[in-house]
Amino acid sequence: MGALFEWSWLIIAFPLLGFLINLISTGQTRERTVGVVASMAAAASFGMSVLVFAALLARPPEARLVEVSLYRWAIVPPLTAEVGLRIDPLSTAMALIVTLVGTLIHVYSIGYMAGDPHIRRFFMFLNLFLASMLLLVLADNFLVLFVGWELVGLCSYLLIGFWFEVPYNAWAGRKAFIVNRIGDFGFTLGLLLLFWTFGTFRYGPIFEAVEHRAVEAGVVTLITLLLFAGVTGKSAQIPLYVWLPDAMAGPTPVSALIHAATMVTAGVYLIARAHPLFAMAPFVQGVVTLIGAVTALWAALIAVGQFDIKRVLAFSTISQLGYMVAAAGAGAVGAAIFHLGTHAFFKALLFLGAGSVIHALEHAHRHPGDPSPFDPNDMRRMGGLAQRMPLTFWTYGIGAAALAGLPPLAGFWSKDEILISLRGIGGWATLAYGLLLGAAFLTAFYMTRQVGMVFAGSPRSHAAAHAHESPAVMTVPLGIFAFFSVVAGWINAPGLGALSAWLEPEHPPVFHPEQALLATLIALAGIGAAWAIYRPQAWPEGVEDPLRPVLRGFFTALTRKLYVDELYDFLFVRPFEKVARGVAEVVEPYGIDGAVNGLARLVQSAAGRVRRWSSGYVRQYGLSVLIGAVLLMFYILWMLR
Amino acid sequence: MGELIVFYLLAGIAIATALAMVITRNAVHSALFLVLNLVVVAVFYLLLGAPFVAMVQIAVYAGAVMVLFLFVIMMLGAERVGGATGLRWQAPLAGAMGAALIGGALFAFLQTPAGLAPAGSLPAPLGDPATIGERLLTTYVLPFEITSILLLIAMVGVVVLARDSRSEGK
Amino acid sequence: MLWWPLLPTLILTAGALGLLLVEAFRRPGSASGMAWGALGITALTLGAVGALVGHQEIEGLYRMVRWDPPAFWLSLTILIGTGLAILLSRHYLADQGMERGEYYVFLLLAAAGMLLMAVAADLLIVFLALEWLSFPLYVLAGFARPRLESEEAALKYFLLGAFASAFLVFGIALIFAGTGLTNLSDLAAWLKHPDPGAQPLVWMGGALLLVALGFKVAAVPFHLWTPDVYEGAPTPVTGFMAAATKTAAVAALIRVFLVGLGPAVALWSGPVALMAAGTMLVGNGVALMQSNFKRLMAYSSIAHAGYLLMGLLGDPALAVPGLMFYLLAYTLATMGAFAVAVGMVGPEGEDQSFRAYTGVARRAPGIGTAMALFMLSLIGVPPTAGFFAKLLLFAAAWQAGWIALVMVGILTTVISAYFYLRVVVAMWMGPGEPARLPKSDLWVRLSVALTGVGTLLLGVLWLMFGGLSL
Amino acid sequence: MVTLTHYLALSAILFGIGAVGFLVRRNALIVFMCVELMLNAAGLAFVAASRYRGLLEGQLTVFFVLTVAAAEVAVGLALMVAIFRTKKTTNVDELSSLRG
């Protein structure tokens, strides 16, 4: 069996091969072929993941850790890094989720992207993303993880700005890039500190050192805090979540795969992976748990006031990531990964369903040749799609119910386990528990609102009235995802507990009937409250949203995303701009968006002064040399004292 | 004592000619003061037991190089340059920095006891052309060859730079 | 008398002089034959360098030169930069109406001087090599004569270069006055048991050497010539200066400061650290203000000088391989970027403002992708070579305890993302249709492709650098 | 007694004068002559050190510096003549079109 593990690098190699094939294939390749090649590469990777998983399963629980050495980076003595793969329950579980969801979304994209002139580029990036994500997951050290981390980020920016002809999309890609830079700045410092402390990047020796308490807790606290800064960027937690809603500018399959199911969960994976480190820093664990819980509630609240079908899902994703981060922070790695898995299925389902709706509306709109601007994402222009797109409706309904946490669907089990894991710890965890219950209510509420606005009642636009069901290449993956959204939770159901036993043999899942009842009641309450407001009969003609009269000004605040973008603009961007303008007349020959470039302006104003040295006069340049020489000389004299 | 007087006398001339070269307005005068300065330094070379270097200094430097300078100045009619400059702080600041450089260097040298040592014994034949020639072809053969290449590069470079590209007719 | 270390320099010089003869007797017309010849000679020299790869240490010619692993890597990088510069030049020279064969002769001669610098083991050789590589560069900078910017660039470079080399000579004189030595290994031995009475002289001399070499590598505050000269010089020459000259200057820094003055590291590390920090801040900061691509690359070259200076301070076991790797990665990315810039030059003249790049990538996605790759490598985004290069240097400096300096390095790296990405943004997302498209010249395309692939592959292949030390 | 310090001090003074001259004169030819003065000062330091250390190396080095300086003069003057043909000036302050 050992020989199989030696080949586990194929999991990463297959998508990379797909990328290369599409890279070197000529421009004449039929677009269908491109998609099929990419999908087959993803499928092969999934197959290999299954094989590795099975091989690992065949081993006794205590032997389920295989380190495959691929590459000896014989750099120089202090920095010896060995590149290898770490095959263990956590990484194989992640690889399975990533490759399965990835394969299905590749197939779906063949239909969704048909006719796009840049389809080859699209599939290349998608394959590259898959390979990078798998590298991140399977790496056996923090450095390679970071390489994967940056690569998935790169793919993400490229795909958000895929339709860069629209300036907003390009801007959104850049916003994601820059916001993530802030998080990665912390991450980089954390990595350096990690290396400085442990002298290696490899998980094994680091965890061993932690186990033997060979390092100071204070340093570990700082390291984990810095790593968590990276997590807030990539996994869209407060305060760096602002990029994810704008990331919806990318094609819908990208939103489903990268910005819902896989890449954004990298942060959760990082916390789970570095769990031994976090376990040594209880303070940071508290911070992580609380930030996760607050994010969950906060994003759920904003989701209630959104009209863009994908934005609702984006805020929902942020909210659900908050659940995972909270659980991972509290040390419940099993629960976090469990929710990561179920969420990957039902959120991908929801995104693809939303894509199907958008696709249908776009086609219906284009049909009569109406040149007026039309936003196919706007839920206010939908309604009554249940009869016109039954397959999409039913699958979407299943996804929504799973997200809302209705038993016996997937979301119910995983959310339940997170809530249970937070009980009985006390302190911050109890607070987080309360916040997450509130978020659960809001989740049920906004999903019901969305289903009501999109599918119930009568059409509120010409396009909605003429929409048709999407082609089979899109609906079949919907069905498959719907199936998983139903059953994925069962693997960890009471009495079975397979996933938790797999990830954490020492912590079997517990099932509290009263907790399950409470969660179900809360979900039902959310659904009931939303249905009371949004049922077609309660919705008078011409009213934009029946919730607006109920909440008044606060609803407007919700539609404006609680003014966080404005707040950041006020707190960071404006002051920098003011200072920059005050200090120097900065010439800005190329329009840069103010929203993200405040820091650059500040630097620019300082640089403007330095730049005046470059006056063009040789003699002045010479003077600078002489001044430098004199300074150096006096430094020497000072040393000679 | 007499040695010291000669030194100070020559040093005074060297500094004076250097200053005059920097200060005088006319480029031709500048060049001539530089020639004087080079000659004084050549005299120092003789005093320091380096007759060969002194001869090279006179022949190559004071002779050929400075003649070239004078020739170009005359040819371009560049005795004086006109036009105002925008660099108001340049001269005072440069002067201050130059003074600081000199002052700092002198301060450091005065703290160097090794520099106060009397002249070591440089056996007479060492500084003569024959010995130097022998060294040039043994220990210093590589720098010697490099220098010849440098002269060649300079020559070709001058040809390339001086050729009138407009009338090449290629 | 071992003269093996000189073999690459000799081959290149002999080849260049042979080309000069050919140029003297060939009939007027296209100079592409000269370009082929220059390429062939460069390849031959690469072969000679390759033949010397296994040798650990050869001292030769009365200990004037010395071959060791860094010499190999430096020579390799210089020759790669030279080869790419030749590839870029043919199309450019023809378009600009300056197709004269001497151009290639001077390019090769400058490279020969740089190769000499890579093996220098004596301060005298450092001085001569510096002059050797500078003379042809002065001529090349002014090669677009009678275009005034080119001439102005040449004169500025020349005057300031001469000024700086006077500091070098005076510095060597002071060191010689203090120790009676010019050989770098002897100097290191002397510094281990210094004569306290002579130390002020040696240290003053070291300070002046730092001025001159800081000038050549374009470190703050000796950097001011860089943007003007880069802007005015013919574009392929600018690329050559940014890549190969930088490598040669770092070679000089390694030879003088790590080999010669290595034992006195505690003394020069302070000023070098300040210079490194200032260079990173000023280079990256002022780059934000640039709207001309060549000036942008000049400030980029200044900024990278800062990172390279940081490398001098790092733990040598890690830093020296780091410097070698950094130079190679930097050479590939910089020459690639200049290849794109040269591709944008047409017979009607040269517009290197960002406006000229607007939207180009949409019409030429291959070029656009390659440019994005170069810019990412210059920022240091994985998996490009630039990332690993920066990582090595940062790790080396961190190991040596220069934590604040590493912070400055990371901070300026973040800043640098803004201006490097502006190029990419202009090319991919700039409004409107491009005014001009890149030429489909095979040589330029080839260099873009080579550097692009190299930038990507190098990231993977850096394990080759194992076991490399001074 | 004349010591090495005397000579070094003189050469430093000449070097400093040359450096200041480089920075205050506008005529490119004089600017360049100032560089020659600086090199000359360095040469003096070499020869003096050679004498006081009883070594020949210093003299040989001066020989090389002299030769290289002569070559440099040739290149530099050719450059200045070339510029004069285009711009009709040797004022370095008028050659400042490249800046920023």
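Miscellaneous remarks
- Taking the criterion of being over 20 Å from A:L126 (Cβ atoms) and either surrounded by 22 or more Cβ atoms within 10 Å (Cβ to Cβ) or of a type in the set (G, A, S) (or both), the only residue of segment A:162-174 that qualifies is A:R174.
- Residues in segment B:10-47 that are among the polar types (S, T, N, Q) and in a helix (DSSP H, G or I): B:T17, B:S30, B:N37.
- Taking segment A:140-252 and the helices (runs of 4 or more DSSP H) fully enclosed by it, the elements with 2 or more residues that are away from every other protein chain (no Cβ under 14 Å) are at A:203-211, A:217-234, A:243-247.
- Number of positions in segment A:184-214 that are aliphatic (A, V, I, L, M) and touching a residue at least 60 places away in the same chain (Cβ under 8 Å): 2
- Residue in segment C:318-337 that is surrounded by fewer than 24 Cβ atoms within 10 Å (Cβ to Cβ), within 13 Å of another protein chain (Cβ to nearest Cβ) and β-branched (V, I, T) present: no
- Identity of the residue in segment A:589-626, in a helix (DSSP H, G or I), among the charged types (D, E, K, R) and under 30 Å from B:A100 (Cα atoms), that ends up modelled with the highest pLDDT: A:R619
- Filtering segment C:5-28 for residues that are of a type in the set (A, V, I, L, M, F, W, C) and in contact with a strand residue (DSSP E or B) (Cβ under 8 Å, 6 or more places away or on another chain) leaves a non-empty set.
- The listed residues are C:R445, C:R436, C:R422, and the only one of them that is in a helix (DSSP H, G or I), over 27 Å from A:T200 (Cβ atoms) and away from chain A (no Cβ under 11 Å) turns out to be C:R445.
- Scanning segment C:220-257 for residues that are under 29 Å from C:M344 (Cα atoms), in a loop (DSSP other than H, G, I, E, B) and within 13 Å of chain A (Cβ to nearest Cβ) gives C:H223, C:L224.
- Residue count for segment D:15-67, restricted to those that are more than 21 Å from B:V43 (Cβ to Cβ), more than 11 Å from the chain's Cα centre (by Cα) and of a type in the set (A, V, I, L, M, F, W, C): 7
- The listed residue being more than 21 Å from B:A31 (Cα to Cα), within 7 Å of chain B (Cβ to nearest Cβ), in a helix (DSSP H, G or I) and among the hydrophobic types (A, V, I, L, M, F, W, C), out of D:A74, D:A9: D:A9
- In segment B:7-23, residue surrounded by the fewest Cβ atoms within 10 Å (Cβ to Cβ) [restricted to those that are facing chain D (nearest Cβ under 7 Å) and under 20 Å from B:L46 (Cα atoms)]: B:I15
- When residues in segment C:54-74 are screened for being under 24 Å from the mean Cα position of the chain (by Cα), surrounded by fewer than 24 Cβ atoms within 10 Å (Cβ to Cβ) and among the hydrophobic types (A, V, I, L, M, F, W, C), 1 of them pass.
- Some residue of segment C:235-254 being among the basic types (K, R) and modelled with pLDDT of 95 or more: yes
- Failed item, numbered, when C:I78 is tested on (1) more than 13 Å from chain B (Cβ to nearest Cβ); (2) over 27 Å from C:F325 (Cα atoms); (3) surrounded by 24 or more Cβ atoms within 10 Å (Cβ to Cβ); (4) not hydroxyl-bearing (S, T, Y): (2)
- Per-region count, segment A:38-66, residues modelled with pLDDT of 90 or more and more than 14 Å from A:E6 (Cα to Cα): 11
- Residue match in segment A:110-121 (condition: assigned to a helix (DSSP H, G or I), more than 10 Å from chain C (Cβ to nearest Cβ) and within 20 Å of the chain's Cα centre (by Cα)): no
- Checklist (1) at pLDDT 85 or above; (2) within 30 Å of D:V75 (Cα to Cα) applied to B:K170, failing item: (1)
- Remark: pairs (first residue in segment D:31-57, more than 8 Å from chain B (Cβ to nearest Cβ) and of a type in the set (S, T, N, Q); second residue crowded, with 24+ Cβ neighbours inside 10 Å and not in a loop (DSSP other than H, G, I, E, B); Cβ separation under 7 Å; 6+ apart in sequence or on different chains) are absent.
- Among the residues of segment A:426-485, those identified as buried (at least 24 other Cβ atoms within 10 Å of the Cβ) and either in a loop (DSSP other than H, G, I, E, B) or of a type outside the set (A, V, I, L, M, F, W, C) (or both) are A:T443, A:Y446, A:T448, A:R449, A:Q450, A:A467, A:S470, A:P477, A:S485.
- Test: residue in segment C:192-212 that is within 26 Å of C:M289 (Cα to Cα) and away from chain D (no Cβ under 14 Å): no
The values are calculated or read from the model by the stated rules, or taken from the named source; none is laboratory data. A quick note: this is a predicted structure, and the numbers were derived from the prediction, not measured. Note that each Cβ is placed from the backbone with ideal geometry, even for glycine, and that neighbours are counted across all protein chains shown.
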